[in-house]
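For reference, the structure discussed in these notes is given below.
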Amino acid sequence: MDESQLRPERMPRHVAIIMDGNGRWAESRGASRVEGHRAGLESCREVLRSASDLGIENLTLYAFSLENWSRPKAEVRDLMHLLETYLDEEIEEVDRNGVRVLAIGRNDRLPPSVRARVDAAVERTQHNRAMTLVFALSYGGRAEIVDAAKGIARDVAAGRVDPDRIDEKTFASYLYAPEVPDPDLLIRTGAEMRVSNFLLWQIAYTEIYTTAVMWPDFRRKHLVEAIVDYQKRERRFGMTSAQVSEAAQRDG
Ligand code: IPE
Ligand code: IPE
Ligand code: MG
């Protein structure tokens, strides 16, 4: 993919990725699933660097879902261990490059060793503003919506929120990372066509791109391909094509 096809004025502000296919990538090579996860870490590194390079302000990586807790114990343990390694090895560079780290999900379920590293990364990078990297860890979209509903219910019970004044904006402010804009582009690798409980509220108008490339094979050129595809689309947000063109002309 030729990067000159990229239009800098139409860069997505937020790219979210469902990093899928590690297991199949490994199995097709006769390797164990953990080898696939290990290889997937290299893709994380490259994609983070490329995203930063390309001027993407927010990148969300779906690293572990709430449903993934049901995987075999040994695989969960391997994944947690790899997460620790990743955080230990990357935090220096991440911080140096001005990347702010956020974590979304039910992190109380994470092993203390992982949670401590995640908390430390979030705290250490909290004032960085060059880019935001959101890790979805022990994350479920429905759980996030339930947690937001609980937060609002508490504030209503305490008299801090008037139920009649709750609108979409109020609701969204109770989600895990309200400061991050909704994703413009959602990429799923690994040839599946489903959302798997990812960012259910936030993807209402997100453009979806899927690829058969397995996550361990995903490289900068694949990210560029996805963005070029995204940039060719017309986002109508329920309007007609004519309205969208008019608005674009008006706004120059
Ligand atoms: C994605 O790869 C990583 C996680 C879900 C943690 P998978 O492990 O789901 O790989 P496949 O889908 O089995 O190939
Ligand atoms: C989605 O992948 C979760 C992550 C990438 C972390 P899965 O492999 O868990 O999704 P399903 O089970 O195929 O839907
Ligand atoms: Mg999978």
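Every number in this text was worked out from the coordinates using simple rules, so none of it is lab data. Computed from a predicted model, the values in this text were never measured in an experiment. Cβ: placed from backbone, ideal geometry, glycine included. Neighbour counts: every protein chain shown.
Annotations for the structure displayed:
- When every Cα-Cα distance of region 49-183 is counted in 5 angstrom steps from zero, the calculated P(r) takes the values 2, 9, 18, 19, 17, 15, 11, 5, 3, 0 percent.
- Distances between placed amide hydrogens fall under 5 Å for residue 100 paired with 130, 131, 132, 133, all partners being 5 or more residues away or on another chain.
- Simple label model, 7 Å out from Cα along Cβ direction - residue 75 to residue 208, nm: 2.3 nm
- For the chain: relative contact order, % (alpha-carbon pairs under 8 angstrom, 6 or more apart): 29 percent
- Efficiency of FRET from Cβ geometry, residue 167 and residue 249, R₀ 41 Å, rounded to 0.05: 0.85
- Ratio Rg/Rh [Cα only; Rh per Kirkwood] for region 187-252: 1.06
- Beta bridges per DSSP with both ends in region 9-251, % antiparallel, nearest 5: 0 percent
- Checking every one of the trypsin sites (Lys or Arg not before Pro) in region 107-136 against DSSP loop status and a limit of 16 other Cβ atoms within 10 Å picks out 129.
- Two numbers describe the Cα atoms of region 164-223: Rg and Dmax, which are 14.7, 49 Å.
- Ranked by how many other Cβ atoms sit within 10 Å of their own Cβ, fewest first, the residues 85, 125, 60, 240 fall in the order 240, 85, 125, 60.
- At q = 0.20, 0.21 Å⁻¹, base-10 log of I(q)/I(0) for region 1-96 (Debye sum, equal scatterers on each alpha carbon): -1.09, -1.15
- Computed from backbone phi with θ = phi - 60° and the Karplus coefficients 6.51, -1.76 and 1.60, the 3J(HN,Hα) list for region 192-201 is 9, 10, 9, 9, 6, 6, 9, 6, 4, 5 Hz; x is used for glycine and proline.
- Viscosity 1.567 mPa s, temperature 4 °C, Stokes-Einstein D of region 74-122 from Kirkwood C-alpha radius, µm²/s: 114 µm²/s
- Long-range HN-HN contacts of residue 188 with modeled amide H, under 5 Å: 18, 209, 210, 211
- Helices in the chain that qualify as membrane-span-like (whole DSSP H runs, Cα extent of at least 27 Å along the helix axis, mean Kyte-Doolittle hydropathy of -1.0 or higher) are 33-54, 73-96.
- Spacing of the modelled spin labels on residue 95 and residue 10, each 7 Å from Cα toward Cβ, amounts to 4.0 nm.
- Protection-proxy order for peptides 211-217, 64-70, each taking the mean of Cβ atoms within 10 Å per residue, highest first: 211-217, 64-70
- At 0.692 mPa s and 37 °C, Stokes D of the chain from Kirkwood alpha-carbon radius, µm² per second: 169 µm²/s
- Separation between Cα centres of region 111-179 and region 82-107, rounded to whole Å: 18 Å
- Nearby lysines by direct alpha-carbon distance to residue 169 (threshold 30 angstrom, same-chain neighbours under 8 apart not counted): 150, 232
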